[in-house]
């Protein structure tokens, strides 16, 4: 188990390495420049935050293409509303808040049109092309991903967003409350319930590992 | 610290959300309690598993191009909107409200509403006092003489305090025969069944209490099926709401004509009902 974790950490590092270039500039400086109309600064902001935002939106909508569209919309809105950002140090929380609103609108539309989100086949295909991992590990990872994704999708919208922000994006309760607009009490309650539900669904998988 | 105190906050401890004192208390308990330590280990294990969750969220290079195009489109659309607004502004010049001006107008509107409500209450109380001395024989006047047009302002006054009272489910029932309401003296031309805002608030409170009693019974039946951590969180929430209810009731008792105190009290009742409903539906 520890070996697998270490291997995973190395893979994660390798994947994130491509983004280190963007970390040369301070976020607040970039935001100030972008606010003044500097598109290059905004591109660097995009490089820095697009992956977590895309990941967060994917957690909410479970569809790669839709998550990309929503990421696009999130950054367009962020660019045009940069002047409304009061505290540059909280840019990431503010950006996630925009993403959350964009996703909520999309989910509401989807409910209205009564579309079944369906499984993202392309994602599942891409999950198979994982490169340097052994077939057994690939299988384990695939099973795990499927189990977690299915469990995540079974949560209602509020619990899913709170759980994703905590478990996958390591946000504090206050940040989650700020992003979602929920009270701190609701954040705690929803997170606890989400954990209970996720545990119930993941447990059979964990026991076989 | 006991397990019943530790388990409800163990997630907060794990998430690093407890303050120094709370964190230390949990840590000390975990050192001596195998069951709670096992619960923490389960959380750690789950969290490690979630960290292994991989989804394909590599950003494709064309996404930035799409964002840039979106920014340009929005700029053009915004410029067109601004142009249209300027064009309209030339023909229909109007005041442009700043955020501060808008906030000031809202405060004035709230102030006016409160003043009007107080004004509506005061004359009625005065009339009732005068009438008790002058028109005592009229207290047997038929309830059928109630005039809707006369009752309306009072009801509106209360509905602005708590609109839900006007909701069909919570609408106050007419008082039963023989109640103080019917025996209350009235003035000439003023119907006997006009209820003061205070009476309506009391009736709303009674209805909330009845609903709370009913839901509490359902919750008590369900308690044995709930896990201890969830139950402890809910009990904590209910205790806190009960404290709020007690506080707001005291405030209303001291200032029965203060609409803000009334609103807080009814909101606290409503919150308790929400929590109890959640427990029943859980």
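Each reported figure results from applying straightforward, stated rules to the coordinates on display, with no laboratory input. Just so it is clear, the model here is predicted, and its values are computed rather than measured. All Cβ positions, glycine included, derive from the backbone under ideal geometry; neighbour counts span all protein chains shown.
The table for this structure:
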| item | result |
| --- | --- |
| Normalised convex hull volume, the range A:21-118, alpha-carbon set, Å³ per residue | 91 |
| 13 Å tail of the calculated P(r), the range B:3-51, as % of Cα pairs | 53 |
| R0 of 35 Å, Cβ-Cβ distance residue A:105-residue B:235: FRET efficiency to nearest 0.05 | 0.45 |
| Fewest-first sequence of B:119, B:13 by Cβ atoms within 10 Å of each Cβ | B:119, B:13 |
| Quarter of the Cα convex hull surface for the range B:237-282, i.e. its orientation-mean projected area (nm²) | 2.9 |
| Overall dimensions of the range B:194-282 by Cα: Rg and Dmax, Å | 14.6, 49 |
| Length added when fully stretched, residue B:271-residue B:51, from 0.36 nm per residue minus Cα-Cα | 75.6 nm |
| Inter-label distance, nm, simple model (7 Å from Cα along the C-beta direction), residue B:224/residue B:250 | 3.8 |
